[in-house]
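Below is one structure, written out as C-alpha cells; the observations come after it.
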Amino acid sequence: MNHAVIRTLVIGGAGFIGLHLVRLLCEDGRRQVMVVGRGKVVPKGLPEYATYFSADINHDEAILPLLEEADEVIDLAYATVPKTSFDDPIHDLMVNLPANVNLLQKASFNKLRRFLLISSGGTVYGKPRYLPIDEKHFTDPISPYGISKLASEKYALMFHQLYGLPVVVVRPSNPYGPHQFGNITQGFIGSALYSVVHSKNVVLFGERGTVRDYIYIDDLCKGIVAALEYGVPGEIYNIGTGIGYDNQEVLNVLSDIVRSDGYSVHIETRPARSFDVTANILSASSLTNVSGWRTSNTLELGMYATWEWVKTWRANA
C-alpha cells in the first residue's frame, strides 16, 4: 500500500492520543493527514505532513468537505472523560452521541477504505467475569461514559451492516505517556506525576486502589495503526498489554523512578468508590492474530520515558 497517496482524516487529533497518533501516521509514510480539533490554534508539535482544521463535527458545512477528501477516517473525538460523565450524565450523552452518529451517517455516503472508531476497553465491559477480558466478554458498563461509548459502537456497526461503512472498532486500555500530565481527569499515571511534581498527595481509593491495564502511548498508537491497516470491517479489537497493576504497584514503580531526582510519592488513602470497577485487563490476541502487533514497552520503561518528558517540560515551562 502506498501510504503517501492515502488521505487520512483524524477527528479529535489534537488531544493526548491524537497528537502521538498523527506523528506516527506521518512517520509511517502518510503525507496527507488532515487533523480536526476544536481549538482555534494549531497544536504545538503537529508534524510537517499534517494539516490542522478547527471544526465542529456537528456542523456539516465544516466536516462534509473533509470527509469527501478522505480515504480513511480515525474518530478519536470525545468531549468527556469517565469522571466528568458521572458529574453530568445528560451532558455526557448530548455532547457525544449525536455528534458521533451524525459523523457515522455522513461518512456512510463516502467511499472510504476504513473508518476506525476509538472506543474504550476500560469502560464498556464493566465488572469482569474473567481476566484478561477478550472481545467476547459481556458488555455491561457502569459509567455514563462507558454506556455512551458502547452506544457509539452499536451505531457504527449498524451503519456497517446497513450501508457498508467499513467500520473497525478498537477498545484501548488505559494509555499513559508524554503530554498526559495534569489533574485527575488525565488518567491515574498522568495525575500521579502531576501530584508528585507539585508535592501533593496521590489519592488511592481503597487500600491498593484498582487494577488496570496500562499501555504506553507509543504502543497504543502502533496498535491503532495496525487495526487501521489490518482490521476486518465489522470487527472489534482490544488494545492492551494483558498485564494488570494496582495503583499501589504503579506508585511503587514511580517512587523508584523519581527518587533519584529528589522527588517522593505521598499517598492519601480514601474509601473505595462503589462505581470503580475493581479490575480491568485486556486480551489483545485478536489484534495480534490479524496484524502481528504486540506491545514493546514494560510499565517501568514507559513510566521512565514519561518522567523524562515531565522533567524536560518543567525545565522549558
Each label sits 7 Å from Cα toward the beta-carbon; between Glu268 and Ile243 the label points are separated, in nm, by 3.1
Cα-only Rg/Rh for the stretch 133-190 with Kirkwood Rh rounds to 1.07
Site Lys44, offset 7 angstrom along Cα→Cβ, radius 12 Å on amide nitrogen, limited to the stretch 150-181, gives 179
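For the chain, which span is the longest to avoid every loop-located (per DSSP) member of GluC sites (Glu not before Pro) having at most 13 other Cβ atoms inside 10 Å?
The reported range is 49-206.
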Taking only the alpha carbons of the stretch 65-207, the radius of gyration and the largest Cα-Cα distance, Dmax, both in angstrom, are 17.1, 54
Excluding ligands, DNA and RNA, the carbon-plus-sulfur percentage of the accessible area of the chain with a 1.4 Å probe reads 52
Going residue by residue through the stretch 218-229, the Karplus relation 6.51 cos²θ - 1.76 cosθ + 1.60 with θ = phi - 60° gives ³J(HN,Hα) values, rounded to whole Hz and with x marking Gly or Pro, of 5, 5, 4, 5, 5, x, 5, 5, 4, 5, 5, 7
Treating only Lys and Arg (+1) and Asp and Glu (-1) as charged, each at its beta carbon, one finds that the chain has a dipole about its Cα centre, in Debye to the nearest 20, of 120
Sorted by chain and then number, the residues having a modelled amide H within less than 5 Å of the amide H of Leu204, at least 5 places away or on another chain, are Glu268, Thr269, Arg270
Rounded to 0.05, the calculated FRET efficiency for the beta carbons of Glu207 and Ser285 at R₀ = 45 Å is 0.90
Once all protein chains are kept in place, His160 shows an accessible area at probe 1.4 Å, nearest 10 Å², of 40
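Provide the percentage of antiparallel DSSP beta bridges, counting only those with both residues in the stretch 136-283; round to the nearest 5.
Working: 2 of 15 bridges.
The answer is about 15 percent antiparallel.
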Placing each pseudo-label 7 Å from Cα in the direction of the beta carbon, Ala62 and Leu97 end up separated by a distance in nanometres of 2.3
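Starting from the eigenvalues of the Cα gyration tensor, five times each then square-rooted, give me the equivalent ellipsoid semi-axes of the chain, largest first, whole Å.
Details: eigenvalues 194, 100, 70 Å².
Each semi-axis is the square root of five times an eigenvalue, giving 31, 22, 19 Å.
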The set of residues whose placed amide H lies less than 5 Å from the amide H of Ile74, leaving out same-chain residues fewer than 5 positions away, is Leu9, Val10, Ile11, Leu116
Phi angles of the stretch 247-255, converted by Karplus (6.51 cos²θ - 1.76 cosθ + 1.60, θ = phi - 60°) into ³J(HN,Hα) in whole Hz with x for Gly and Pro, give 4, 5, 4, 4, 5, 5, 5, 4, 4
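Roughly how many Å² is the accessible area per residue of the stretch 1-113, as a whole number, for a 1.4 Å probe?
On the way: 5480 Å² over 113 residues.
It amounts to 48 Å² per residue over the stretch 1-113.
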With R₀ set to 25 angstrom, the calculated FRET efficiency between the beta-carbons of Phe109 and Phe53, to the nearest 0.05, is 0.80
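Based on DSSP, what percent of beta bridges with both residues in the chain are antiparallel, to the nearest 5? Write down the numbers at each step before the final one.
Numbers: 2 of 38 bridges.
If we restrict to bridges inside the chain, about 5 percent are antiparallel.
Want the number for Trp313 to Val197: 0.36 nm per residue separation, take away the alpha-carbon distance, what's left?
Numbers: separation 116, 0.36 × 116 = 41.76 nm, distance 1.15 nm.
Gain in length upon complete extension: 40.6 nm.
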Phi-derived 3J(HN,Hα) across the stretch 7-20 with the Karplus relation (6.51, -1.76, 1.60, θ = phi - 60°), rounded Hz, x for Gly and Pro, is 9, 10, 9, 10, 8, x, x, 9, x, 4, 5, x, 5, 5
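Hey, what does the equivalent ellipsoid look like for the stretch 128-241, semi-axes from the Cα gyration tensor as sqrt of 5 times each eigenvalue, largest first, whole Å?
On the way: eigenvalues 187, 56, 34 Å².
Semi-axes, largest first: 31, 17, 13 Å.
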Reduced to Cα centres, the span from the stretch 253-276 to the stretch 285-308 in Å works out to 23
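The values are calculated or read from the model by the stated rules, or taken from the named source; none is laboratory data. Treat the numbers as computed from the prediction; the structure is a model and nothing was measured. All Cβ positions, even for glycine, are placed from backbone atoms using ideal geometry, and neighbour counts span all protein chains on display. Protein only, heavy atoms only, side chains kept; ligands, DNA and RNA dropped before computing areas. Shrake-Rupley method; radii C 1.70, N 1.55, O 1.52, S 1.80 Å.
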